[in-house]
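A.B. asks: Dropping the structure in here first, questions after.
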Amino acid sequence: MLVLVANLGSTSFKYRLFDMSNGQCLARGAVDRIGEEVSHCEVEIGDWKDERSMSVPDHGLAVSACLEQLTDPDHGALKDASEIVAIGFKAVHGGRLSGVFVVDDDVLAAMTEMNAAAPAHNPPYIAAMKLLRERFPDLPLVAAFETNFHRTIPSSRREYAIPRAWADGLHIRRYGFHGASHRFIAGRVAEVLGRSDARVISCHLGGSSSLTAIVGGESVMTTMGMTPQTGLPQNNRVGDFDPFALPLIIEKTGLTLDEVLGKLASEGGLLGLSDKSGDMRDLELAAANGDEKSQLALDVFVEEVRRHMGGMIVAMGGVDAIVFTGGIGEKGKETRAAIVAGLEELGIVADGEANKKIKGEGSFHAGDSRTELWVIPTNEELVVARQCVELLQETDKSA
């Protein structure tokens, strides 16, 4: 059973092809600059790499271009495109819908209702899904919503203190995101710890970051709220912010509400703090050379992670493991060290040398640490592929 998992941007299409009989990734690739005069298409199948430049005006043709490469007669992973049983999407926000669904008119409508909450994510997915439904009517499209993993969070940690009518009528509450990544970590950390009842803090740190508290494999608390713009400072998105500052900003700058929100979503976060870059690597280099704003951005990010982590430790009554994943979590040894520094009284003791040497999966807790510290590379696409297979099998049984 072969499943293609898609990761969409407004002008990009990245994918992985999985053989779900064994979970093996057979191929990965991308199409960039969709809609421009010339698009770049690349694929990697084993040791073979292929790059092509061609006109790709929309996401439907992007899928056609990737299928052409995947069915290359000499190197392809497929004999025929019909071998693919589904295309899975790591869909972001469905509001009233949270789960895994075959894409239909109701799924598209639910995503459209949440466009204002996920303006950078939902519109390109909706447009691409509509195109693909038209172009490949016999190929199931599956939306696995990021919010689904967080449905186990208790109401006391999901609800905002807002008028009841807004919560009930407008579906305004804390949803949480990065569900595929945190779900993968929940499963993998149970394997490495050899227990399924552990209290875990999963730290997905990258261009977009969130923490999730996990007990017994289920999400019980997370940092992102109604939208992916909330929680920790992101690379260029604001994170948590007092909405009552908005009228003041509008009054003093003359900007419209849409313009202010646009800046908070594209010029905030680490980029806004540093006034230089939203990339952690750039900030670390600049800070090492004495740039104070870059150092401030690093410090704010670490302090926000620690603040939320503390709340999660209290909520769970302790923590058995802290796991770092995502681009920063997996590669940022300085950031990891700063986040867990000085927590010995809480039973969290890092091995500094082990932390510096980690490549890929590994632990870096000291021998006397009550809490295990791990780096575990995430695999969101594999989670989506598994969810696709489960849904298709359930559909077959009920048919």
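The values are calculated or read from the model by the stated rules, or taken from the named source; none is laboratory data. The shown structure was predicted, so the numbers you read here are calculated from the model rather than taken from an experiment. Positions of Cβ are generated from backbone atoms using ideal geometry, with glycine treated the same way; all protein chains shown enter the neighbour counts. Protein only, heavy atoms only, side chains kept; ligands, DNA and RNA dropped before computing areas. Shrake-Rupley method; radii C 1.70, N 1.55, O 1.52, S 1.80 Å.
A.B. asks: List the lysines whose Cα sits under 17 Å from the Cα of residue 293, skipping any in the same chain fewer than 8 residues away.
C.D. replies: Straight-line reach from residue 293, under 17 Å: 276.
A.B. asks: A further question follows. Add +1 for every Lys or Arg and -1 for every Asp or Glu among the other residues with Cβ under 13 Å from the Cβ of residue 97, and state the total. Kindly include the intermediate steps, with their values, before the conclusion.
C.D. replies: On the way: positive: 96, 151; negative: 104, 105, 106, 113, 146.
Spelling it out: positives minus negatives among the neighbours equals -3.
A.B. asks: Let me ask you something else. Mind checking which lysines have their Cα closer than 27 Å to the Cα of residue 14? Skip sequence neighbours fewer than 8 apart in that chain.
C.D. replies: 49, 79, 90, 130, 263, 331, 359
A.B. asks: Follow-up. Find which of 379, 363, 389 sits farthest along the positive direction of the dipole of the range 357-399, computed with +1 on the beta-carbon of Lys and Arg, -1 on that of Asp and Glu, about the Cα centre.
C.D. replies: Result: 363, furthest along the dipole toward the positive end.
A.B. asks: Another question, then. In square angstrom, what is the accessible area per residue of the range 146-263 with a 1.4 angstrom probe? Walk me through the numbers on the way to the answer.
C.D. replies: Values: 5380 Å² over 118 residues.
Accessible area per residue: 46 Å².
A.B. asks: Next question. Calculate the dipole size of the range 147-212 relative to its Cα centre from +1 charges on Lys and Arg beta carbons and -1 charges on Asp and Glu beta carbons; express the result in debye to the nearest 20.
C.D. replies: Numbers: 10 positive and 4 negative charges, 14 e Å.
Computed about the Cα centre, the dipole is about 60 debye.
A.B. asks: Moving to a separate point now. Give me Rg over Rh for the range 1-119, both radii from the alpha carbons and Rh done the Kirkwood way, two decimal places.
C.D. replies: Values: Rg = 15.4 Å, Rh = 15.4 Å.
Result: Rg/Rh = 1.00.
A.B. asks: Next up: What ranking of 203, 25 comes out by heavy-atom accessible area, probe 1.4 Å, highest first?
C.D. replies: Numbers: 203 0, 25 45 Å².
The ordering from most to least exposed comes out as 25, 203.
A.B. asks: For the chain, what is the charge dipole size about the Cα centre, in debye to the nearest 20, if Lys and Arg each add +1 at the Cβ and Asp and Glu each add -1 at the Cβ? Please list the in-between numbers first.
C.D. replies: Details: 39 positive and 57 negative charges, 175 e Å.
The calculated dipole for the chain is roughly 840 debye.
A.B. asks: Can you give me the orientation-averaged projected area of the convex hull built on the Cα atoms of the range 159-266, in nm²?
C.D. replies: On the way: hull surface 32.4 nm².
Reported value for the Cα convex hull: 8.1 nm².
A.B. asks: Using the Karplus equation 6.51 cos²θ - 1.76 cosθ + 1.60 (θ = phi - 60°), what ³J(HN,Hα) coupling, rounded to whole Hz, does each residue of the range 210-219 give in order, writing x for Gly and Pro?
C.D. replies: Result, rounded to whole Hz: 7, 10, 9, 8, 10, 10, x, x, 10, 5.
A.B. asks: Something else about it: Roll a 1.4 Å probe over the protein heavy atoms and report the accessible area of residue 226 in Å², nearest 10.
C.D. replies: Around 30 Å² of this residue is reachable by solvent.
A.B. asks: Which value, in debye to the nearest 20, gives the size of the charge dipole of the range 1-131 about its Cα centre, when Lys and Arg are +1 and Asp and Glu are -1 at the Cβ? Show your work: numbers first, answer last.
C.D. replies: On the way: 10 positive and 19 negative charges, 90 e Å.
My answer is approximately 440 debye.
A.B. asks: Now, a different point. Compute the accessible area per residue over the range 333-396, keeping the other protein chains in place, probe 1.4 Å, unit Å². Mind showing how you got there, number by number?
C.D. replies: Values: 3240 Å² over 64 residues.
Here the per-residue accessible area is 51 Å².
A.B. asks: Right, something else. If I take all pairs of Cα atoms in the range 251-399, what percentage of them are more than 24 Å from each other?
C.D. replies: Of the Cα pairs, 51 percent sit more than 24 Å apart.
A.B. asks: List the trypsin sites (Lys or Arg not before Pro) within the range 1-80 that DSSP assigns to loop and that have no more than 16 neighbouring Cβ atoms inside 10 Å. Show your work: numbers first, answer last.
C.D. replies: On the way: sites: 14, 16, 28, 33, 49, 52, 79; in loops: 33, 79.
Counting only loop positions with at most 16 other Cβ atoms within 10 Å, the trypsin sites (Lys or Arg not before Pro) in the range 1-80 are 33, 79.
A.B. asks: Please list log₁₀ I(q)/I(0) at q = 0.08, 0.10, 0.14 Å⁻¹ for the range 33-177, using the Debye equation with identical point scatterers on the alpha-carbon positions.
C.D. replies: These q points yield log10 I(q)/I(0) values of -0.31, -0.46, -0.78.
A.B. asks: Place +1 on the Cβ of every Lys and Arg and -1 on the Cβ of every Asp and Glu in the chain, take the dipole about the Cα centre, and give the residue among 86, 238, 126 whose Cα lies farthest towards its positive end.
C.D. replies: About the Cα centre, the residue reaching furthest to the positive side is 238.
A.B. asks: Order of 131-144, 170-183 by packing, highest average Cβ count within 10 Å first?
C.D. replies: Numbers: 131-144: 17.4, 170-183: 24.6.
So the peptides 131-144, 170-183, ranked by packing, come out 170-183, 131-144.
A.B. asks: Can you tell me, using C-alpha contacts under 8 Å and at least 6 residues apart, the relative contact order of the chain as a whole percent? Before the final figure, lay out the partial values.
C.D. replies: Details: 783 pairs, mean separation 50.4, N = 399.
In percent, rounded to a whole number, it is 13.
A.B. asks: Pairs of Cα atoms under 8 Å, at least six residues apart: use those to get the relative contact order of the range 259-399, whole percent. Mind dumping the intermediate values first?
C.D. replies: Working: 151 pairs, mean separation 22.6, N = 141.
Taking the mean separation of contacting Cα pairs over the length of the range 259-399, I get 16 percent.
A.B. asks: In whole Hz, with x marking every Gly and Pro, tabulate ³J(HN,Hα) for the range 237-250 from phi via Karplus 6.51 cos²θ - 1.76 cosθ + 1.60, θ = phi - 60°.
C.D. replies: Running phi through 6.51 cos²θ - 1.76 cosθ + 1.60 with θ = phi - 60° gives 10, 5, x, 4, 7, 6, x, 6, 7, 4, x, 5, 4, 4 Hz.
A.B. asks: Would you work out if the range 105-198 is rounded, prolate or oblate? Take a ≥ b ≥ c from the square roots of the eigenvalues of the alpha-carbon gyration tensor; rounded if a/c is under 1.5, else prolate when a/b is larger than b/c, oblate otherwise. Present the calculation step by step, with values, prior to reporting the outcome.
C.D. replies: Values: a/c = 2.89, a/b = 1.18, b/c = 2.45.
Cα axes put the range 105-198 in the oblate bin.
A.B. asks: Can you tell me which of 146, 380, 51 moves the most in a GNM of the chain? Springs connect C-alpha atoms under 10 Å apart.
C.D. replies: 51
A.B. asks: Compute the acute angle (0 to 90°) between the alpha-carbon long axis of helix 122-135 and the principal axis of greatest extent of the alpha-carbon atoms of the chain; round to the nearest 10°.
C.D. replies: 20 degrees
A.B. asks: Shifting gears a bit: What does DSSP give for the chain in terms of the percent of beta bridges that are antiparallel, rounded to the nearest 5? Don't skip to the end; give the middle numbers.
C.D. replies: Numbers: 43 of 60 bridges.
Close to 70 percent.
A.B. asks: Could you name the aspartates and glutamates whose alpha carbon sits less than 20 Å from that of residue 357, not counting residues in the same chain fewer than 8 places away?
C.D. replies: 284, 330, 334, 368, 372
A.B. asks: Could you tell me which label, among (1) 26.4; (2) 21.3; (3) 22.3, carries the value of mean projected area of the Cα convex hull in nm² calculated for this structure?
C.D. replies: The value computed from this structure is option (3).
A.B. asks: Using the Cα centre of the chain as origin and beta-carbon charges of +1 (Lys, Arg) and -1 (Asp, Glu), tell me which of 100, 315, 206 is placed farthest towards the positive end of the dipole.
C.D. replies: Of 100, 315, 206, it is 315.
A.B. asks: Carbon and sulfur atoms: what percent of the 1.4 Å accessible area of the range 84-178 do they account for?
C.D. replies: On the way: 2290 of 4100 Å².
The nonpolar share, carbon plus sulfur, comes to 56 percent.
A.B. asks: Hey, can you rank 313-320, 85-92, 391-398 by average C-beta count inside 10 Å, highest first? Can you show the working numbers first?
C.D. replies: Details: 313-320: 16.0, 85-92: 23.6, 391-398: 11.9.
For the peptides 313-320, 85-92, 391-398, the packing ranking is 85-92, 313-320, 391-398.
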